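Engineer: Sending over a structure as C-alpha coordinates; questions will come in a sec.
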Amino acid sequence: MKSFSGILILMIIAAVLIIVISIILYNRRLDKITKGELHDTHNPVPEPKTTAVALYRIILLVITAISLISISTMSGMLMSLQNTVGSLENSQNSLNYELSSLRTMLEEQSSLIASSDWTYENTDYDAMTTDIVYSADLKSFSDDTEVTLYVKGDAVPLQRSAQTAGRYSGTFKAGLFDSLMNARLVIRTAGISSTENIDLAESLAWDFFPFPAMSSRFSSQRRANGSIEYEGAYTLIPDENNTNPNMPGIKKVTVTYINSGSELKTIDITKEALSGEEISLEPGLEVEDYLLGRFEITLDNGYHLIDNTVMVFESGTDTQSLSGTYITDPEGNTVWENPKN
(Lines give C-alpha, C1' and ligand atoms only; values in the text may rest on other atoms or scores of the structure.)
Protein backbone atom coordinates (compact mmCIF):
# COMPACT_ATOMS: atom_id res chain seq x y z
CA MET A 1 0.00 0.00 0.00
CA LYS A 2 2.86 2.42 0.76
CA SER A 3 4.42 1.65 -2.64
CA PHE A 4 1.08 2.29 -4.39
CA SER A 5 0.66 5.64 -2.59
CA GLY A 6 4.18 6.70 -3.56
CA ILE A 7 3.61 5.86 -7.23
CA LEU A 8 0.28 7.76 -7.23
CA ILE A 9 1.88 10.88 -5.73
CA LEU A 10 4.74 10.81 -8.26
CA MET A 11 2.25 10.45 -11.13
CA ILE A 12 0.19 13.44 -9.90
CA ILE A 13 3.32 15.62 -9.54
CA ALA A 14 4.50 14.62 -13.03
CA ALA A 15 1.04 15.34 -14.47
CA VAL A 16 0.98 18.79 -12.87
CA LEU A 17 4.44 19.58 -14.25
CA ILE A 18 3.47 18.39 -17.73
CA ILE A 19 0.30 20.50 -17.70
CA VAL A 20 2.23 23.60 -16.50
CA ILE A 21 4.85 23.12 -19.22
CA SER A 22 2.08 22.56 -21.79
CA ILE A 23 0.40 25.84 -20.77
CA ILE A 24 3.68 27.78 -20.96
CA LEU A 25 4.58 26.40 -24.39
CA TYR A 26 1.05 26.93 -25.70
CA ASN A 27 0.97 30.54 -24.50
CA ARG A 28 4.39 31.26 -26.06
CA ARG A 29 3.20 29.95 -29.43
CA LEU A 30 0.01 32.04 -29.26
CA ASP A 31 2.13 35.10 -28.44
CA LYS A 32 4.36 34.55 -31.48
CA ILE A 33 1.31 34.11 -33.74
CA THR A 34 -0.18 37.32 -32.36
CA LYS A 35 3.06 39.30 -33.08
CA GLY A 36 3.21 37.91 -36.58
CA GLU A 37 6.43 36.05 -35.87
CA LEU A 38 4.82 32.72 -36.74
CA HIS A 39 2.49 32.18 -39.66
CA ASP A 40 2.17 28.37 -39.51
CA THR A 41 -1.34 27.55 -38.27
CA HIS A 42 -0.37 23.97 -37.38
CA ASN A 43 0.23 23.77 -33.66
CA PRO A 44 2.58 20.94 -32.59
CA VAL A 45 1.81 21.77 -28.96
CA PRO A 46 -1.58 20.36 -27.84
CA GLU A 47 -4.01 22.49 -25.93
CA PRO A 48 -3.56 22.31 -22.11
CA LYS A 49 -7.13 20.95 -21.79
CA THR A 50 -6.32 18.08 -24.16
CA THR A 51 -3.12 17.37 -22.25
CA ALA A 52 -4.95 17.37 -18.90
CA VAL A 53 -7.67 15.02 -20.18
CA ALA A 54 -5.07 12.63 -21.62
CA LEU A 55 -3.06 12.64 -18.40
CA TYR A 56 -6.23 12.14 -16.35
CA ARG A 57 -7.12 9.07 -18.41
CA ILE A 58 -3.60 7.70 -18.16
CA ILE A 59 -3.63 8.12 -14.35
CA LEU A 60 -7.02 6.37 -14.13
CA LEU A 61 -5.75 3.46 -16.25
CA VAL A 62 -2.63 3.14 -14.11
CA ILE A 63 -4.67 3.31 -10.88
CA THR A 64 -7.05 0.65 -12.21
CA ALA A 65 -4.18 -1.61 -13.24
CA ILE A 66 -2.39 -1.18 -9.93
CA SER A 67 -5.66 -1.77 -8.02
CA LEU A 68 -6.34 -5.00 -9.90
CA ILE A 69 -2.80 -6.17 -9.24
CA SER A 70 -3.11 -5.16 -5.58
CA ILE A 71 -6.45 -6.95 -5.18
CA SER A 72 -5.03 -10.09 -6.74
CA THR A 73 -1.97 -9.86 -4.51
CA MET A 74 -4.08 -9.24 -1.40
CA SER A 75 -6.36 -12.18 -2.26
CA GLY A 76 -3.32 -14.39 -2.52
CA MET A 77 -1.95 -13.00 0.74
CA LEU A 78 -5.34 -13.50 2.44
CA MET A 79 -5.51 -17.10 1.24
CA SER A 80 -1.94 -17.65 2.39
CA LEU A 81 -2.81 -16.06 5.75
CA GLN A 82 -5.85 -18.31 6.11
CA ASN A 83 -3.72 -21.35 5.34
CA THR A 84 -1.15 -20.15 7.86
CA VAL A 85 -3.83 -19.63 10.53
CA GLY A 86 -5.24 -23.09 9.81
CA SER A 87 -1.78 -24.58 10.04
CA LEU A 88 -1.17 -22.75 13.33
CA GLU A 89 -4.49 -24.02 14.74
CA ASN A 90 -3.59 -27.58 13.75
CA SER A 91 -0.15 -27.13 15.28
CA GLN A 92 -1.71 -25.73 18.46
CA ASN A 93 -4.16 -28.64 18.71
CA SER A 94 -1.32 -31.07 18.14
CA LEU A 95 0.78 -29.26 20.75
CA ASN A 96 -2.09 -29.29 23.26
CA TYR A 97 -2.56 -33.02 22.69
CA GLU A 98 1.17 -33.66 23.11
CA LEU A 99 1.27 -31.50 26.26
CA SER A 100 -1.74 -33.35 27.67
CA SER A 101 -0.14 -36.71 26.85
CA LEU A 102 3.15 -35.52 28.37
CA ARG A 103 1.36 -34.29 31.48
CA THR A 104 -0.43 -37.62 31.85
CA MET A 105 2.82 -39.51 31.33
CA LEU A 106 4.65 -37.36 33.90
CA GLU A 107 1.82 -37.81 36.40
CA GLU A 108 1.91 -41.56 35.88
CA GLN A 109 5.68 -41.63 36.20
CA SER A 110 5.69 -39.43 39.30
CA SER A 111 2.82 -41.34 40.92
CA LEU A 112 3.71 -43.85 43.59
CA ILE A 113 0.71 -46.00 42.62
CA ALA A 114 1.20 -48.53 39.84
CA SER A 115 -2.51 -49.48 39.77
CA SER A 116 -5.61 -49.53 41.94
CA ASP A 117 -9.13 -50.96 41.96
CA TRP A 118 -12.09 -51.62 44.21
CA THR A 119 -14.91 -54.14 44.57
CA TYR A 120 -18.26 -54.20 46.38
CA GLU A 121 -19.18 -56.61 49.16
CA ASN A 122 -22.14 -57.09 51.52
CA THR A 123 -24.50 -54.75 49.66
CA ASP A 124 -27.57 -54.03 51.81
CA TYR A 125 -30.50 -52.47 49.95
CA ASP A 126 -32.50 -52.16 53.18
CA ALA A 127 -29.82 -49.99 54.77
CA MET A 128 -28.69 -48.66 51.36
CA THR A 129 -25.04 -49.38 52.18
CA THR A 130 -22.20 -51.45 50.77
CA ASP A 131 -18.66 -52.43 51.78
CA ILE A 132 -15.93 -51.25 49.40
CA VAL A 133 -12.69 -53.17 49.26
CA TYR A 134 -10.00 -50.81 47.92
CA SER A 135 -6.59 -52.06 46.78
CA ALA A 136 -3.51 -50.17 45.59
CA ASP A 137 -0.30 -51.57 44.11
CA LEU A 138 2.72 -49.37 44.94
CA LYS A 139 5.74 -48.88 42.70
CA SER A 140 8.14 -48.75 45.63
CA PHE A 141 7.72 -49.85 49.24
CA SER A 142 9.57 -51.28 52.20
CA ASP A 143 8.79 -53.23 55.34
CA ASP A 144 7.87 -50.08 57.26
CA THR A 145 5.60 -48.60 54.57
CA GLU A 146 2.22 -47.50 55.91
CA VAL A 147 -0.69 -46.67 53.61
CA THR A 148 -3.87 -44.85 54.66
CA LEU A 149 -6.90 -43.99 52.54
CA TYR A 150 -8.78 -40.82 53.50
CA VAL A 151 -12.29 -40.86 52.08
CA LYS A 152 -15.54 -39.17 53.21
CA GLY A 153 -13.63 -37.69 56.15
CA ASP A 154 -12.62 -41.13 57.46
CA ALA A 155 -9.14 -42.67 57.69
CA VAL A 156 -8.99 -46.24 56.35
CA PRO A 157 -5.70 -48.06 57.11
CA LEU A 158 -4.64 -50.38 54.26
CA GLN A 159 -2.99 -53.68 55.10
CA ARG A 160 -0.07 -55.16 53.16
CA SER A 161 -0.95 -58.25 51.16
CA ALA A 162 0.90 -61.45 52.03
CA GLN A 163 0.35 -62.87 48.54
CA THR A 164 1.10 -59.89 46.24
CA ALA A 165 4.19 -57.75 46.83
CA GLY A 166 3.43 -54.04 47.06
CA ARG A 167 -0.33 -54.46 47.32
CA TYR A 168 -2.19 -52.74 50.16
CA SER A 169 -5.93 -53.24 50.77
CA GLY A 170 -8.61 -51.97 53.12
CA THR A 171 -12.38 -52.02 53.52
CA PHE A 172 -14.79 -49.21 54.35
CA LYS A 173 -18.56 -48.83 54.35
CA ALA A 174 -20.31 -46.40 52.01
CA GLY A 175 -23.87 -45.39 51.22
CA LEU A 176 -25.30 -46.37 47.84
CA PHE A 177 -25.85 -42.68 47.07
CA ASP A 178 -22.40 -41.49 48.17
CA SER A 179 -19.90 -39.59 46.03
CA LEU A 180 -16.33 -40.77 46.53
CA MET A 181 -14.48 -37.91 44.88
CA ASN A 182 -11.43 -36.07 46.25
CA ALA A 183 -10.12 -39.03 48.22
CA ARG A 184 -6.46 -39.13 49.31
CA LEU A 185 -3.95 -41.93 49.69
CA VAL A 186 -1.16 -41.14 52.15
CA ILE A 187 1.97 -43.31 51.86
CA ARG A 188 4.50 -43.11 54.69
CA THR A 189 7.93 -44.74 54.41
CA ALA A 190 10.91 -44.14 56.76
CA GLY A 191 9.09 -41.19 58.32
CA ILE A 192 8.48 -39.46 54.97
CA SER A 193 4.87 -39.02 53.80
CA SER A 194 3.62 -38.69 50.24
CA THR A 195 0.04 -37.93 49.19
CA GLU A 196 -1.78 -39.17 46.09
CA ASN A 197 -5.12 -37.58 45.12
CA ILE A 198 -7.62 -40.12 43.79
CA ASP A 199 -11.25 -40.05 42.61
CA LEU A 200 -13.03 -43.33 43.21
CA ALA A 201 -16.55 -42.66 41.90
CA GLU A 202 -18.65 -39.58 41.18
CA SER A 203 -21.70 -41.42 42.45
CA LEU A 204 -22.13 -45.04 43.54
CA ALA A 205 -25.82 -45.01 42.60
CA TRP A 206 -25.01 -45.74 38.95
CA ASP A 207 -23.75 -49.19 39.98
CA PHE A 208 -26.75 -50.12 42.13
CA PHE A 209 -29.86 -49.02 40.23
CA PRO A 210 -31.22 -50.00 36.78
CA PHE A 211 -30.76 -46.72 34.91
CA PRO A 212 -31.95 -47.17 31.30
CA ALA A 213 -30.74 -45.36 28.19
CA MET A 214 -32.98 -44.35 25.32
CA SER A 215 -32.65 -44.91 21.59
CA SER A 216 -35.02 -42.88 19.42
CA ARG A 217 -36.00 -41.92 15.87
CA PHE A 218 -38.25 -38.90 15.43
CA SER A 219 -39.28 -36.57 12.61
CA SER A 220 -41.10 -33.25 12.81
CA GLN A 221 -43.13 -30.86 10.66
CA ARG A 222 -44.06 -27.25 11.40
CA ARG A 223 -47.80 -26.60 10.98
CA ALA A 224 -49.50 -23.37 9.88
CA ASN A 225 -50.64 -22.60 13.45
CA GLY A 226 -46.98 -22.54 14.63
CA SER A 227 -47.06 -25.87 16.46
CA ILE A 228 -44.78 -28.77 15.56
CA GLU A 229 -46.16 -32.17 14.59
CA TYR A 230 -43.97 -35.11 15.66
CA GLU A 231 -43.95 -38.76 14.86
CA GLY A 232 -41.53 -41.59 15.51
CA ALA A 233 -40.61 -44.09 18.20
CA TYR A 234 -38.14 -44.81 20.98
CA THR A 235 -36.78 -47.78 22.90
CA LEU A 236 -35.62 -48.00 26.50
CA ILE A 237 -32.32 -49.85 26.71
CA PRO A 238 -31.19 -51.41 30.02
CA ASP A 239 -27.65 -50.79 31.27
CA GLU A 240 -25.89 -53.86 29.89
CA ASN A 241 -22.59 -52.95 31.61
CA ASN A 242 -24.11 -53.26 35.06
CA THR A 243 -23.43 -56.76 36.37
CA ASN A 244 -24.76 -56.27 39.91
CA PRO A 245 -26.76 -59.45 40.64
CA ASN A 246 -28.47 -57.89 43.68
CA MET A 247 -29.92 -54.95 41.79
CA PRO A 248 -33.63 -54.42 42.59
CA GLY A 249 -36.10 -55.55 39.96
CA ILE A 250 -38.49 -53.39 37.99
CA LYS A 251 -42.21 -53.64 38.82
CA LYS A 252 -43.67 -50.89 36.68
CA VAL A 253 -42.63 -48.28 34.12
CA THR A 254 -44.72 -45.28 33.12
CA VAL A 255 -44.04 -42.27 30.91
CA THR A 256 -45.66 -38.86 31.09
CA TYR A 257 -45.45 -36.76 27.93
CA ILE A 258 -44.99 -33.06 28.67
CA ASN A 259 -45.57 -30.44 25.96
CA SER A 260 -43.51 -27.30 26.76
CA GLY A 261 -44.34 -27.58 30.48
CA SER A 262 -47.91 -28.89 30.14
CA GLU A 263 -48.65 -32.57 30.82
CA LEU A 264 -50.36 -34.32 27.91
CA LYS A 265 -50.90 -37.87 29.15
CA THR A 266 -49.38 -40.68 31.22
CA ILE A 267 -49.23 -44.24 29.88
CA ASP A 268 -48.00 -47.58 31.20
CA ILE A 269 -45.05 -48.90 29.16
CA THR A 270 -43.93 -51.71 31.49
CA LYS A 271 -44.28 -54.47 28.89
CA GLU A 272 -42.47 -52.57 26.15
CA ALA A 273 -39.71 -51.36 28.48
CA LEU A 274 -38.93 -54.82 29.92
CA SER A 275 -38.98 -56.50 26.51
CA GLY A 276 -37.06 -53.75 24.68
CA GLU A 277 -39.88 -53.07 22.24
CA GLU A 278 -40.21 -49.82 20.30
CA ILE A 279 -42.70 -47.37 21.77
CA SER A 280 -44.41 -45.20 19.15
CA LEU A 281 -45.52 -41.63 19.68
CA GLU A 282 -49.17 -40.96 19.11
CA PRO A 283 -49.66 -40.02 15.40
CA GLY A 284 -50.14 -36.30 14.82
CA LEU A 285 -48.79 -35.31 18.24
CA GLU A 286 -48.39 -31.51 18.30
CA VAL A 287 -46.07 -29.61 20.66
CA GLU A 288 -44.90 -26.01 20.95
CA ASP A 289 -41.16 -25.93 21.72
CA TYR A 290 -40.23 -29.33 23.12
CA LEU A 291 -41.58 -32.73 24.11
CA LEU A 292 -40.26 -34.12 27.40
CA GLY A 293 -40.72 -37.67 28.62
CA ARG A 294 -40.85 -38.18 32.38
CA PHE A 295 -40.09 -41.86 32.91
CA GLU A 296 -40.94 -43.30 36.33
CA ILE A 297 -39.55 -46.74 37.17
CA THR A 298 -41.04 -48.39 40.25
CA LEU A 299 -38.62 -50.89 41.82
CA ASP A 300 -39.62 -53.96 43.81
CA ASN A 301 -38.01 -52.48 46.96
CA GLY A 302 -40.38 -49.49 46.88
CA TYR A 303 -37.91 -46.97 45.51
CA HIS A 304 -38.67 -44.95 42.37
CA LEU A 305 -36.20 -43.99 39.67
CA ILE A 306 -37.42 -40.91 37.78
CA ASP A 307 -35.77 -39.67 34.60
CA ASN A 308 -36.68 -36.51 32.69
CA THR A 309 -35.52 -36.70 29.06
CA VAL A 310 -36.15 -34.09 26.37
CA MET A 311 -37.13 -36.31 23.48
CA VAL A 312 -37.66 -33.74 20.70
CA PHE A 313 -37.00 -30.01 20.76
CA GLU A 314 -36.56 -26.85 18.72
CA SER A 315 -33.12 -25.33 18.24
CA GLY A 316 -32.21 -23.07 21.16
CA THR A 317 -34.10 -25.05 23.81
CA ASP A 318 -32.11 -25.39 27.05
CA THR A 319 -32.40 -29.17 27.30
CA GLN A 320 -29.89 -29.43 30.15
CA SER A 321 -32.04 -27.46 32.59
CA LEU A 322 -35.08 -29.58 31.65
CA SER A 323 -33.37 -32.97 31.89
CA GLY A 324 -32.40 -34.78 35.08
CA THR A 325 -32.52 -38.04 36.99
CA TYR A 326 -33.38 -38.62 40.63
CA ILE A 327 -34.40 -41.38 43.03
CA THR A 328 -37.11 -41.27 45.70
CA ASP A 329 -37.62 -43.60 48.65
CA PRO A 330 -40.92 -45.44 49.37
CA GLU A 331 -42.19 -42.34 51.22
CA GLY A 332 -41.56 -40.13 48.19
CA ASN A 333 -38.50 -38.32 49.57
CA THR A 334 -35.76 -37.50 47.07
CA VAL A 335 -32.65 -39.37 48.22
CA TRP A 336 -30.43 -38.87 45.18
CA GLU A 337 -30.22 -36.52 42.20
CA ASN A 338 -27.93 -36.68 39.23
CA PRO A 339 -25.31 -33.93 39.70
CA LYS A 340 -25.77 -31.08 37.22
CA ASN A 341 -22.88 -30.57 34.83
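The values are calculated or read from the model by the stated rules, or taken from the named source; none is laboratory data. Predicted model, so just to flag it, every value in this text is computed and none were measured. Note that each Cβ is placed from the backbone with ideal geometry, even for glycine, and that neighbours are counted across all protein chains shown.
Engineer: So which residues in region 293-309 are in contact with a Leu (Cβ under 6 Å, 6 or more places away or on another chain) and hydroxyl-bearing (Ser, Thr, Tyr), if there are any at all?
Structural biologist: Hits for region 293-309: nothing passes.
Engineer: When you check residue 316 against the structure, is it part of a loop (DSSP other than H, G, I, E, B) and at pLDDT 90 or above, yes or no?
Structural biologist: no
Engineer: Under 9 Å between Cβ atoms, which residue pairs at least 6 apart in sequence (or on different chains) link something in region 213-241 that is more than 15 Å from residue 282 (Cβ to Cβ) and in the same structural domain as residue 277 (by TED's automatic domain parsing) with a partner that is assigned to a loop (DSSP other than H, G, I, E, B) and of a type in the set (A, V, I, L, M)?
Structural biologist: 236/269
Engineer: Looking at region 235-250, is at least one residue surrounded by fewer than 16 Cβ atoms within 10 Å (Cβ to Cβ), among the small types (Gly, Ala, Ser), under 19 Å from residue 150 (Cβ atoms) and more than 32 Å from the chain's Cα centre (by Cα)?
Structural biologist: Of all residues in region 235-250, those surrounded by fewer than 16 Cβ atoms within 10 Å (Cβ to Cβ) come to 237-246, 249.
Right, trim to among the small types (Gly, Ala, Ser) and you get 249.
Okay, now just the ones that are also under 19 Å from residue 150 (Cβ atoms), so none.
The answer is no; no qualifying residue exists.
Engineer: Looking at the structure I just gave you, is residue 89 free of Cβ contacts under 8 Å to residues at least 60 places away in the same chain, within 23 Å of residue 203 (Cα to Cα) and among the acidic types (Asp, Glu)?
Structural biologist: On the way: free of Cβ contacts under 8 Å to residues at least 60 places away in the same chain: yes; within 23 Å of residue 203 (Cα to Cα): no; among the acidic types (Asp, Glu): yes.
Against the criterion (free of Cβ contacts under 8 Å to residues at least 60 places away in the same chain, within 23 Å of residue 203 (Cα to Cα) and among the acidic types (Asp, Glu)), residue 89 does not qualify.
Engineer: If a residue has to be crowded, with 16+ Cβ neighbours inside 10 Å and in contact with an Asp or Glu (Cβ under 8 Å, 6 or more places away or on another chain) to count, how many in region 175-198 make the cut?
Structural biologist: Looking only at that region, the number is 6.
Engineer: Give the number of residues within region 278-308 that are over 24 Å from residue 207 (Cα atoms) and acidic (Asp, Glu). I'd like the intermediate steps shown before the answer.
Structural biologist: Narrowing region 278-308 to residues over 24 Å from residue 207 (Cα atoms): 278-292.
Then drop every residue that is not acidic (Asp, Glu), which leaves 278, 282, 286, 288-289.
Residues meeting the conditions: 5.
Engineer: Taking into account only those residues within region 94-116 that are modelled with pLDDT of 80 or more and polar (S, T, N, Q), which is farthest from residue 136 (Cα to Cα)? Full working, then the answer.
Structural biologist: Of region 94-116, the ones modelled with pLDDT of 80 or more are 112-116.
Subsequent filtering for residues that are polar (S, T, N, Q) retains 115-116.
On the way: 115: 6, 116: 4 Å.
Top of the filtered list is 115.
Engineer: Hey, another quick one. For residue 198, only one of the following conditions fails: (1) in the same structural domain as residue 306 (by TED's automatic domain parsing); (2) under 26 Å from the mean Cα position of the chain (by Cα). What is its number?
Structural biologist: Condition (1) is where residue 198 drops out.
Engineer: Related question: Only one residue in 276, 261, 226, 249 is among the small types (Gly, Ala, Ser) and within 30 Å of residue 179 (Cβ to Cβ). Which one? First the steps, then the outcome.
Structural biologist: On the way: 276 fails: within 30 Å of residue 179 (Cβ to Cβ); 261 fails: within 30 Å of residue 179 (Cβ to Cβ); 226 fails: within 30 Å of residue 179 (Cβ to Cβ).
Selected residue: 249, the only one of 276, 261, 226, 249 that is among the small types (Gly, Ala, Ser) and within 30 Å of residue 179 (Cβ to Cβ).
Yes/no matrix, rows are residues, columns are (1) at pLDDT below 90; (2) loosely packed, with under 14 Cβ neighbours inside 10 Å:
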residue	(1), (2)
121	no, yes
131	no, no
134	no, no
141	yes, no
151	no, no
154	no, yes
157	no, yes
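Engineer: A follow-up question, please. Condition test on residue 232, is it small (Gly, Ala, Ser) and over 30 Å from residue 205 (Cα atoms)?
Structural biologist: Here the answer is yes, as residue 232 does meet what is asked.
Engineer: Given the conditions (1) outside any strand (DSSP E or B); (2) of a type outside the set (Ser, Thr, Tyr); (3) out of contact with any helix residue (DSSP H, G or I) (no Cβ under 7 Å at 6 or more places or on another chain), report the number of the one that residue 244 does not fulfil.
Structural biologist: (3)
Engineer: Which one of these is modelled with pLDDT under 90 and of a type in the set (Phe, Trp, Tyr): 303, 290?
Structural biologist: 290
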